[in-house]
């Protein structure tokens, strides 16, 4: 029973999940404001404003720093982990999204010009993040951590 109590009362864990949850909820609000339609699927989708990956890991990193100290080894691990995740979100995953746009266009052109159907489904295009989305998510993570700890 002590194991479950430790998880339930783990502040750092709750900061991380709260930062992720708020970021995902903000994606729904952002879509409503910018695209003028309510899309609940944005809550579980990747990509978009703000980056929930960045919010999640920077919330974790900041909470670890606040709880265990900015000079602790665990903060250093969380910091490096956050950098890797944010680089991946803005670099690799963003490039994959751009490639998906091009591949989808090639498939569409193939259908139109060749009249030959391809049995490929459209690739998901909103996967990665712009640097602004990553910075917004990171900022949200810092704010959530400082509010909760």
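Write out, first by first residue and then by second, each pair whose Cβ atoms fall under 6 Å of each other, whose residues are 6+ apart or on separate chains, and whose first residue, in the range 1-23, is within 18 Å of residue 45 (Cβ to Cβ) while the second is surrounded by 17 or more Cβ atoms within 10 Å (Cβ to Cβ) and at pLDDT below 95.
Taking only residues 6 or more apart or on different chains, the pairs are 20/52; 23/50; 23/52.
For residue 21, indicate whether it is more than 19 Å from residue 133 (Cβ to Cβ), surrounded by fewer than 21 Cβ atoms within 10 Å (Cβ to Cβ) and under 16 Å from the mean Cα position of the chain (by Cα).
The answer is no for residue 21.
Any residue at all in the range 55-73 that is at pLDDT below 95 and loosely packed, with under 14 Cβ neighbours inside 10 Å?
Checked the range 55-73: no residue is at pLDDT below 95 and loosely packed, with under 14 Cβ neighbours inside 10 Å.
Evaluate the following for residue 32: is it surrounded by 13 or more Cβ atoms within 10 Å (Cβ to Cβ), touching a residue at least 40 places away in the same chain (Cβ under 8 Å) and in a helix (DSSP H, G or I)?
The answer is no for residue 32.
May I ask you to verify whether residue 89 is more than 19 Å from residue 143 (Cα to Cα), out of contact with any helix residue (DSSP H, G or I) (no Cβ under 9 Å at 6 or more places or on another chain) and at pLDDT 75 or above?
Values: more than 19 Å from residue 143 (Cα to Cα): yes; out of contact with any helix residue (DSSP H, G or I) (no Cβ under 9 Å at 6 or more places or on another chain): no; at pLDDT 75 or above: yes.
For residue 89, the condition - more than 19 Å from residue 143 (Cα to Cα), out of contact with any helix residue (DSSP H, G or I) (no Cβ under 9 Å at 6 or more places or on another chain) and at pLDDT 75 or above - is not met.
Given the conditions (1) over 17 Å from residue 137 (Cβ atoms); (2) surrounded by 13 or more Cβ atoms within 10 Å (Cβ to Cβ); (3) touching a residue at least 24 places away in the same chain (Cβ under 8 Å), which single one is not true for residue 76?
Every condition holds for residue 76 apart from (3).
Whether any residue in the range 28-37 is at pLDDT below 95, within 14 Å of residue 143 (Cα to Cα) and under 15 Å from the mean Cα position of the chain (by Cα) is what I want to check.
no
The values are calculated or read from the model by the stated rules, or taken from the named source; none is laboratory data. Since this is a predicted model, take the numbers as computed values, not measurements. Positions of Cβ are generated from backbone atoms using ideal geometry, with glycine treated the same way; all protein chains shown enter the neighbour counts.
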